[in-house]
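One structure is given below, encoded as structure tokens.
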Amino acid sequence: MIHTWLSPAKINLFLYVTSARKDGYHNIQTLFQFLDYGDTLKIIPNKKGNFRLFTTKKNLLDVNNSIIIAAKLLKENALFHGKLPNSNYGAEIFLKKKIPIGSGLGGGSSNAATTLIVLNKLWKTEYTLQELATLSLKIGADVPGFIMGKTAIIEGIGDIIYPIIKKEKWYLVVYPYINVSTKNMFSSPFLIHNTRKKSITELLRLPFSNDFENIAKKKFIAIQKLITILSSYAPSRMTGTGSCVFSEFNNKKSAQKIFSLLPKNMQGFIAKSVNISPLHKALYKKIF
């Protein structure tokens with residue numbers, strides 16, 4: 001079996017915060033769209049019982065990395081439910097990072113999801129995707145969306161997922177060299193916590209927007225300028241809680257043309273949206 005797997009990026013085509021919860025979390029409505037671009041993980045199982053992460057990004061090499069958290073979570077749960085015969089199961093995991101940290105592209109959540117899905121396959125623990133998604137809520141709200149692997153409207157705290165089919169487009173995604181803290185954005189005094197909850201039909205019919213965009217524009221001048229620049233060429237919005245801004249195009253050539261007009265010091269990439277995660281296409285050919 002191939003041991004190198006894509007850990008895809010996502011963009012939020014819209015993102016609304018519909019209420020604050022008593023447990024400190026927030027209920028959201030978002031449209032989760034995968035891109036054919038992302039990090040890669042090389043996962044090699046071992047019988048030493050430990051997990052080791054290798055990456056050139058030294059700041060990711062700590063015990064709180066989502067990859068290690070995911071691997072340990074799966075192992076502990078599988079041992080508890082008798083899906084692994086002993087504690088000798090481990091892995092060496094090599095991460096090639098392309099998704100910027102704090103960019104709103106879901107890199108950490110995607111890495112965790114890829115780790116859960118691939119180790120589940122390699123260890124033959126036979127959890128369903130839904131079971132992995134439920135387990136993954138312990139890691140973060142975005143992880144279940146990556147686990148399920150389809151373009152979807154996601155609600156609640158990431159636990160309610162409605163798969164949809166969306167016309168695949170081309171996106172220019174630009175990173176303004178800003179690492180935005182999701183926690184800080186959700187705790188911002190400027191965040192509106194009561195955007196009206198809408199039906200799926202209404203969500204898809206109305207113009208898309210992001211409740212965090214105005215907060216980010218006030219806090220980070222670079223994000224405000226980037227949105228202004230890109231919006232002069234094509235429909236453009238911020239993804240997630242920031243900081244990346246994406247522009248939507250009908251074809252790759254149009255995206256490339258606008259990218260060529262931007263200042264040379266801007267970091268970005270062009271990717272196509274896909275209705276099925278590239279990881280799932282590789283692993284679950286018979287299902288999708």
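The values are calculated or read from the model by the stated rules, or taken from the named source; none is laboratory data. These figures come from a predicted structure and were not determined experimentally. Virtual Cβ from ideal backbone geometry, glycine too; neighbours counted across all protein chains shown.
Selection over the range 97-140 of residues that are of a type in the set (Ser, Thr, Tyr) and over 22 Å from LYS58 (Cβ atoms) gives a count of 5. Based on what the data block shows, is THR115 crowded, with 20+ Cβ neighbours inside 10 Å and of a type outside the set (A, V, I, L, M, F, W, C)? Considered against the rule, which asks whether it is crowded, with 20+ Cβ neighbours inside 10 Å and of a type outside the set (A, V, I, L, M, F, W, C), THR115 comes out as yes.
Within the range 123-151, the set of residues being touching a strand residue (DSSP E or B) at 6+ places or on another chain (Cβ under 8 Å), part of a loop (DSSP other than H, G, I, E, B) and within 21 Å of LEU31 (Cβ to Cβ) comprises ALA141, ASP142, GLY149, THR151.
Taken over the range 96-122, the criterion of being among the aliphatic types (A, V, I, L, M), in contact (Cβ under 8 Å) with a residue 60 or more places away in the chain and either out of contact with any helix residue (DSSP H, G or I) (no Cβ under 6 Å at 6 or more places or on another chain) or not in a loop (DSSP other than H, G, I, E, B) (or both) is satisfied by ILE101, LEU105, ALA113, ILE117, VAL118, LEU119, LEU122. Among the residues making up the range 226-247, those that are touching a residue at least 40 places away in the same chain (Cβ under 8 Å), farther than 24 Å from PHE186 by Cβ and over 18 Å from the mean Cα position of the chain (by Cα) are LEU230, ALA234. What are the residue pairs meeting all of these: first residue in the range 152-179, first residue within 27 Å of TYR25 (Cβ to Cβ), second residue buried (at least 17 other Cβ atoms within 10 Å of the Cβ) and basic (Lys, Arg), Cβ atoms under 7 Å, and 6 or more apart or on different chains? Hits for this filter: PRO163/LYS150.
Residues are listed down the side, and each one gets a yes or a no for (1) crowded, with 20+ Cβ neighbours inside 10 Å; (2) aromatic (Phe, Trp, Tyr):
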residue	(1), (2)
ALA70	yes, no
LEU95	yes, no
SER110	yes, no
THR128	no, no
GLU131	no, no
SER136	yes, no
ILE157	no, no
LYS167	no, no
TYR175	yes, yes
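Put simply, of ALA222, ALA271 the only residue that is of a type in the set (A, V, I, L, M) and outside any helix (DSSP H, G or I) is ALA271. On the given criteria, is ALA71 farther than 30 Å from ILE200 by Cα, hydrophobic (A, V, I, L, M, F, W, C), in contact with a Ser or Thr (Cβ under 7 Å, 6 or more places away or on another chain) and modelled with pLDDT of 95 or more? Yes, satisfied. In the range 221-243, what residues are over 24 Å from ILE165 (Cβ atoms) and either in contact with a Leu (Cβ under 9 Å, 6 or more places away or on another chain) or among the aliphatic types (A, V, I, L, M) (or both)? Scanning the range 221-243 gives ILE221, ALA222, ILE223, LEU226, ILE227, ILE229, LEU230, TYR233, MET238, THR241, SER243. Take MET266 and decide whether it is free of Cβ contacts under 8 Å to residues at least 60 places away in the same chain and in contact with a Phe, Trp or Tyr (Cβ under 9 Å, 6 or more places away or on another chain). When the stated conditions are applied, MET266 does not pass them.
If you check LYS217, LYS253, LYS183 for being free of Cβ contacts under 8 Å to residues at least 24 places away in the same chain, outside any loop (DSSP other than H, G, I, E, B) and closer than 24 Å to SER110 by Cβ, only one passes: LYS183.
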